[in-house]
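Down below is the structure, laid out as structure tokens.
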């Protein structure tokens, strides 16, 4: 890092910046008494890290410098998604954020931005309103429909003066609004503030989510153990009956025919395999962690029904399904648990109201990047 004054005894410090940036990735902080706004903006476009005014309160200036140093040591893994079709704005944002150790991903269209958001992991989004394919307010609404994106700060950057649109942006979940052409260090400051806010609250929210998920699993464990017992009883009964029948045949007739023995052994093997598959299915459900992966949504519901079928079959509850072919990328086990909990709630409501006919309707469909499940 270089801390550079602008007025030096043998020349102007700002003349060094282009040479420094062309030779090395060294970060440059300006510490000067010069308050000229135009020069300040120009230097940010040249990739300086910060511009600190050296005035009477030098202690405060040094404290600000310390904050800059501390901040860049802690943001090495933070990713920013920029959804903007202006090459000039995108370059401006890169010039500001890359020296601050942020990783910047550019999307020139709304659809490209939504796809990148779905397939990546981002800590902050900057969003233009006038995009070539979809209006920015619709993109904002689309993002906030998904639970996993609710906590990502979104800074809207737009040239609009429409107060109704700005109000709508905040109502749809926008975190901040910056009017074009923006003041570069104001933009940098707001990005740092929102990243710091997310960093402080993310761990707390993550811990709460993990606790709630574990509590939900524990709440259903007794019921699932009952399901394990029920689904294990049938293959064990078949194995016991076939073994007893074969032994009885041997005792009564002194021998067992090859056909009878072959048929009995095949059924025993099939029952044992079914029992093993059932155990594996329940074991996977109770794994503490499951990696993010692509899975078939219809297959997920089939698995959920297999895990709980005894509770619904015994009560004459029928599932009516209408599935689209959807293969989301996410956490299958967590979604499986959610579906089981919702289905169990529906079953409890049937029990309370004593309906003669009991149906649970399930429908899935896809709109843009979102998969919708209706029950």
If each of residue 171 and residue 272 carries a label point 7 Å out from its Cα toward its Cβ, how far apart are those two points in nm? 6.7 nm
Provide the FRET efficiency to the nearest 0.05 for the residue 292-residue 367 pair, computing r from the beta carbons and using R0 = 22 Å. 0.55
Plugging the Kirkwood radius over Cα pairs into Stokes-Einstein for the stretch 1-73, at a temperature of 4 °C and a viscosity of 1.567 mPa s, what D comes out in µm²/s? 102 µm²/s
Scattering profile of the stretch 289-375 at q = 0.19, 0.20, 0.23, 0.24 Å⁻¹ [log10 I(q)/I(0), Debye over alpha-carbon scatterers]: -0.88, -0.96, -1.18, -1.26
Determine how many Å³ per residue the convex hull of the Cα atoms of the stretch 75-182 encloses. 90 Å³
For the stretch 48-130, I need the span (max minus min coordinate) of the C-alpha atoms along each principal axis, in Å, sorted largest to smallest. 50, 24, 16
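No value in this document is a laboratory result; all are computed from the given coordinates. Here the structure is a predicted model, which means the values were calculated and not measured. When we count neighbours, we look across all protein chains shown, and the Cβ atoms used for this are built from the backbone with ideal geometry, even at glycine.
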